[in-house]
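See below for the structure under consideration.
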Amino acid sequence: KANYFSKFSKAPVICKVVGRKVLDGVGQPTLEVEIYCTVKNYEKRICSSVMSSHSQIPENALPETTEADEKERNDSVNTAVEWVNESLNTMLRDLKPTDQCKVDKMLGEYFTKRVEEKKEIQKQDKEAEATPALISSTPSATALPREKKAARPGRKVAVAERTIPPAEPVEPVLCGSAAIGGTSLAVAKAGATVSRIPLYLHIALLKRNQDSPKEFTLPLPMVTLLNCEKFSPAKLKLVKEVILIPPVQLSLKQGIERVLDIQKEIMRLLELPGRAPQALKRISHLGCLITGYDNLEQPLLLMQTACNNIGLELGTDMYLAINCAAHEVMDYIKGKYEILAGTFKSPDEMVDMYVELINKFPFIIALIDPLRKEDRQQWNNICCALGSKCYLIAEDAATYISKLKMDHNINIPTCSGVVLKYINQAKVSDLIELTGLLDGQRHITILGSPDGESSDDSLVDLAVGLGARFVKLGGLSRGERVTKYNRLLAIEEEL
């Protein structure tokens, strides 16, 4: 009887949204959002979501820049907590958690209002600075830190004699913006919980206007095995991550087991005498091994050796992807990329180098950020030269979901696909709209983990529900990374 009558009870509505400051996987502050609903006249905690954070600061940044970034992040999280507990809590009260579009529309309007307020304050500040002050030094003293903040280290101004396009300014992040992304995701999770369906199915239904998908295709994992960090005081080198991609015919479970076998063999090879002090067996914040190299081919040959030793062949039993992070190795004074200490290449020479690399190592099926996003002409060239041989992926160019969506077009260089990261003011509806656009333009969608990953595993459900081709989660170490692989395996079992 109770079950029969419960069908007539009112649908759950949001009664409270709570924000709090928590720590992410690298000990940095981030935002948690909890959703409480009124279910059969009782207040009940439904779910929570924890936001991941992304740092735009390159690894070779100066200590004072890193310090300023940490202060900024702390202020931003405090503001986000305030927004959630005050404005958003009041605004979303009595809304159904299943009403994602309505919630996201309200969150978007609230964010726009905050952006306008910020612009107004900046405008007033500028006007105040423009009027002659009593003490002439005051305006310049207050203006300096702001100007400094915009120019991050490693982004030096291009010298006139070089014709490389200068770096686009870093997209400003509004203080508190994580409140928007965190609340949107928490509401999506609450919607799935009250509908008694998994989050990936809830997302798929939202994307298809409640039309249930006939079958799900699971995204292929891009597993980072090596993080080739800089060795102090040296600079970064071109290959930032070496990534394994299991073949599509394997189940996820078999693919991940195969990656673990290769990882074990790599660790054994790195321990061999004669490799120290260059090969360090440390774990990166990406959850993978950190190692160094003297030339670009070294980590690739190491992979080849490891696979051969355990009877696997690269190109059939496993594939490679390389995250080049080219924007981090650009020397703006010389107008060239410093691919190794003291080795410089112009944007055109970079294209030739990649063509040579792929011809020599045909098992590399993806290059991530092979060039800066500003080198659009060279992106066209590399796509013409290598587009049929491997995926050319934009990650740095696609960090900000809000910036990508312009007049129903995708604002990225010519490429095969993009890595999308759910950070800051991104909303679930934005992801749905954007992946729809990418599908329509035959781009591949990769959902990627940001640097400061949290233990929230929703990213995997988002990837499955949105039909992403790949999911880039980092390595198979560290709890906040592994929990996502475990979720992926659980979804495979369920389906």
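The values are calculated or read from the model by the stated rules, or taken from the named source; none is laboratory data. Predicted model, so just to flag it, every value in this text is computed and none were measured. Cβ sites come from the backbone with ideal geometry, for glycine too, and all protein chains shown count toward neighbours. Please note that ligands, DNA and RNA were not included when accessible areas were found on the heavy atoms of the full protein model with its side chains. Shrake-Rupley method; radii C 1.70, N 1.55, O 1.52, S 1.80 Å.
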ask   = What whole-number value in Å² describes the accessible area per residue of the chain for a 1.4 Å probe?
value = 47
query = Classify the chain: rounded, prolate or oblate, from the alpha-carbon gyration tensor (a ≥ b ≥ c, eigenvalue square roots; a/c under 1.5 rounded; otherwise prolate if a/b is larger than b/c)?
reply = oblate
query = Reachable aspartates and glutamates from Lys484, Cα under 16 Å, same-chain residues fewer than 8 places away excluded?
reply = Asp24, Glu257, Asp451, Glu453, Asp456, Asp457, Asp461, Glu492, Glu493, Glu494
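Residue separation times 0.36 nm, minus the C-alpha to C-alpha distance between Lys389 and Lys123: what's the value?
Details: separation 266, 0.36 × 266 = 95.76 nm, distance 4.99 nm.
Separation in residues times 0.36 nm, less the Cα-Cα distance, equals 90.8 nm.
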query = Using θ = phi - 60° and the Karplus curve 6.51 cos²θ - 1.76 cosθ + 1.60, what whole-Hz ³J(HN,Hα) does each residue of region 196-201 get, with Gly and Pro shown as x?
reply = 6, 10, x, 4, 4, 6
query = From the backbone phi of region 415-424, what are the Karplus-calculated ³J(HN,Hα) couplings (6.51 cos²θ - 1.76 cosθ + 1.60, θ = phi - 60°) in whole Hz, Gly and Pro given as x?
reply = 7, 7, x, 9, 9, 9, 10, 8, 9, 6
Cut-off under 5 Å, modelled amide H: who pairs with Cys47 long-range = Ile35
R0 of 41 Å, Cβ-Cβ distance Asn209-Glu82: FRET efficiency to nearest 0.05 = 0.70
remark   = Karplus-derived 3J(HN,Hα) from phi for region 450-460 (6.51 cos²θ - 1.76 cosθ + 1.60, θ = phi - 60°), whole Hz, x at Gly and Pro, runs x, 4, x, 7, 10, 7, 6, 9, 4, 3, 5
ask   = Of all DSSP beta bridges located in the chain, what percent are antiparallel, nearest 5?
value = 60
inquiry  = Going by amide H atoms built from the backbone, whose H comes under 5 Å of the H on Ala366, apart from near neighbours?
reply    = Ile322, Tyr391
ask   = Considering only Cα-Cα distances, which of the following residue pairs are longer than 29 Å: Lys207/Lys264; Lys118/Lys472; Lys16/Lys472; Lys389/Lys421; Lys102/Lys214; Lys119/Lys189?
value = Lys207/Lys264; Lys118/Lys472; Lys16/Lys472; Lys119/Lys189
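Please report Rg over Rh for region 302-395, where both radii come from the alpha carbon positions and Rh follows the Kirkwood definition. Don't skip to the end; give the middle numbers.
Details: Rg = 14.3 Å, Rh = 14.1 Å.
Reported Rg/Rh, Kirkwood definition of Rh: 1.01.
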task = Mind giving me the nanometre distance, one decimal, between the label points for Glu356 and Gln249, set 7 Å out from Cα along Cα→Cβ?
result = 3.5
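Report the calculated FRET efficiency for Phe216 and Arg442 (r = Cβ-Cβ distance, R0 = 25 Å), to the nearest 0.05. Display every interim value, and only then the final one.
On the way: r = 20 Å, r/R0 = 0.81.
Calculated transfer efficiency: 0.80.
Using 0.36 nm per residue, how much length does the chain from Glu64 to Glu109 gain when fully extended, once their Cα-Cα distance is taken away? Intermediate results must be reported in sequence, preceding the final value.
Numbers: separation 45, 0.36 × 45 = 16.20 nm, distance 3.52 nm.
That works out to 12.7 nm of additional length.
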query = Going by average Cβ neighbours within 10 Å, how do the peptides 48-55, 282-289, 95-102 rank, with the highest at the top?
reply = 48-55, 282-289, 95-102
query = Peptides 111-122, 414-425, 253-264, 197-208: what's the order by average Cβ count within 10 Å, highest mean first?
reply = 414-425, 197-208, 253-264, 111-122
query = What part of the accessible area of the chain, given as a whole %, is carbon or sulfur when the probe is 1.4 angstrom?
reply = 52
note = Between Val39 and residues 5 or more places away or on another chain, the pairs with built amide H atoms under 5 Å apart involve Lys44
